[in-house]
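Please read the structure below before turning to the comments.
The values are calculated or read from the model by the stated rules, or taken from the named source; none is laboratory data. Because the structure is predicted, anything quoted here is derived from the model rather than measured. Backbone-built Cβ (ideal geometry, glycine too); neighbour counts: all protein chains shown. When the accessible area is computed, the model is the full protein with side chains, heavy atoms only, and any ligands, DNA or RNA have been set aside. Shrake-Rupley method; radii C 1.70, N 1.55, O 1.52, S 1.80 Å.
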Amino acid sequence: MHYLRCITCGKRYEPTDIVYNCTCGSILEAVIDLNETQDVFDGNNPSVWKYQSFLPVTRRASLHEGGTPLYESQNLKGDFGYRRLYIKNEGENPTCSFKDRGMTVGVSKALELGMTKVACASTGNTSASLAAYSAHAALDCYVMIPSGKIALGKLAQAIIYGAKVIPINGNFDQALDAVMTASKAFGIYLLNSINPYRLEGQKTIAFEIYDQLGEVPDRIILPVGNAGNISAIWKGFKELKAAGITDSLPVMTGIQAAGSQPMVRMYKEGLDTLIPEKHPETIATAIRIGNPVSWLKAFNAVKESGGLMEAVTDEEILAAQRLLASTEGIFVEPASASSVAGMQKLLACGAIERDETTVLITTGHGLKDPNAVTESIKIMDPVDGDMNTLQRILGE
Ligand code: AN7
């Protein structure tokens, strides 16, 4: 059995309560009975539901999520002087982002609660994922997106899976306010990452990394937007240790975009509360978020793990996206490339070490946002396909 607990005042809530915030205003986490969990970490067939004994749901709405590859870097590794550098590519999920891990558990919970309507605000991937899982589970789905500011592929996904797409005037933070008001008023189940069941699914990234690598890595580097995923992965590694399965923890390293870096400011300025960024801006629209809802969980993850946070510019993100694709054959969306850009920046300033076993999390597929590539990298003007021209271009 599990229960929900406020991360600030400790107040307890039951699994049947439909609640997102504590009465004290803070947010909730699921507390799992680790005595009931099973050590299934044998290196075979990782998937979200392989770790069911750690998951607080009994229903299962699944599209075969998780089990994403953990690539050992072939070329970047040497370029940066690493001995062991890995890429956990979450773009290889059913809707091509890590959100599917959270949605399989969140939508299963919605079914358990008997909810018929679900909703989220989204910078794109959350809406694509919720739309797909709602279609699978035959639930009505409403998604609120910042008008004009989500990547084309993600919008196409939300539409084709049959969600009601509601563009909101404003940014993600305003869309989240709107959907929170609407879900309370109209009895709709909210599946943003303020819902603790989402993070329960996402913590399986930690389980899979340990399962695939056979050890806990020294460092995890990942993009931070609403700050749910960094919190979830940290929770996963902590549960593995508390269950007696592992005996070490990784250092959590969060990367934000320079135009949208409230958590980095908090970390660098030593603040103990978040000051929201009123006008977040970045080409990495997935993480264009000024008021991350899980900031306190993420802050604790970084603090407890002895981690750090860094910001990278749009130019650094685009260069890193191209570098990863052209050296490793892994095409990720701009937000995901911030892991790589962050690693480069932190290595350059000596904040992290090359002899660590490091895992970069790439959170979403590059085809989600093709415009980010076609608008930033020029291809040559068209030519005729005759032999003379071909010889001029291709040489001998
Ligand atoms: C590719 O879809 O917030 O720090 O509404 O799509 O857990 O928010 C997306 C977030 C990183 C940040 N990479 O994760 C949404 C949304 C990609 C993302 C993040 C997102 P969090």
Calculate how many DSSP beta bridges within the chain are antiparallel, expressed in % of all such bridges and rounded to the nearest 5. 30 percent
Suppose all protein chains stay in the model; what accessible area per residue would a 1.4 Å probe give for the chain, in Å²? 40 Å²
Take each of the peptides 29-42, 284-297, 307-320, average the number of other beta-carbon atoms within 10 Å over its residues, and list them starting from the highest. 284-297, 307-320, 29-42
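Which net charge results for the neighbourhood of SER305, defined as the other residues with beta-carbon distances under 10 angstrom from its beta-carbon, given Lys and Arg at +1 and Asp and Glu at -1?
Once all neighbours under 10 Å are counted, the net charge is +2.
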Each label point is 7 Å from the Cα along the Cα-to-Cβ direction; what then is the distance between the points at THR327 and ASP17, in nm? 4.9 nm
Enumerate the whole-percent occupancy of each 20 Å bin, from 0 to the last occupied one, for all C-alpha pair distances of the chain. 29, 59, 11, 1
Nearest 10 degrees is fine. How inclined is helix 334-348 to the longest principal axis of the chain, computing both from alpha carbons? 80 degrees
Can you give the accessible area of LYS50 in Å² (nearest 10), computed on protein heavy atoms with a 1.4 Å probe? 50 Å²
How far is helix 125-137 tilted, in degrees, relative to the longest principal axis of the Cα atoms in the chain, given as a value from 0 to 90 rounded to the nearest 10? 60 degrees
Mind putting together the pair-distance distribution for the range 1-116? All Cα pairs, 5 Å bins, whole percent per bin, short to long. 2, 10, 14, 16, 17, 14, 11, 7, 5, 3, 0
Along each of the three principal axes of the Cα atoms of the range 98-196, give the extent in whole Å, ordering the values from largest to smallest. 34, 27, 20
Whole-percent carbon and sulfur contribution to the accessible surface of the chain (1.4 Å, no ligands, DNA or RNA) stands at 50 percent
For the range 18-28, 3J(HN,Hα) per residue [Karplus equation, 6.51 cos²θ - 1.76 cosθ + 1.60, θ = phi - 60°, Hz, x = Gly/Pro]: 9, 8, 10, 10, 6, 4, 7, x, 7, 10, 10
If you average the sequence gap of Cα pairs under 8 Å that are 6 or more apart and divide by the length of the chain, what percent do you get for the contact order? 17 percent
The Cα extents of the range 237-353 along the principal axes, largest first and rounded to whole Å, are 40, 36, 26
Helix 228-242 sits off the longest principal axis of the Cα atoms of the chain, rounded to the nearest 10 on a 0 to 90 degree scale, by 70 degrees
Residue-normalised 222 nm signal for the chain, counting each DSSP H run of n ≥ 4 as -39,500 (n - 2.57), nearest 500 deg cm²/dmol, is -11000 deg cm²/dmol
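Among CYS9, CYS96, CYS120, what's the order by accessible area (1.4 angstrom probe), most exposed first? Could the numbers behind the result be given before it?
Values: CYS9 75, CYS96 40, CYS120 0 Å².
The residues order as CYS9, CYS96, CYS120, largest area first.
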Sorted by mean Cβ packing within 10 Å, highest first, what order do the peptides 63-72, 375-384 take? 63-72, 375-384
Note: probe point = Cα of HIS64 + 7 Å toward Cβ; backbone nitrogen < 19 Å; residues of the range 339-380 passing the test are 365
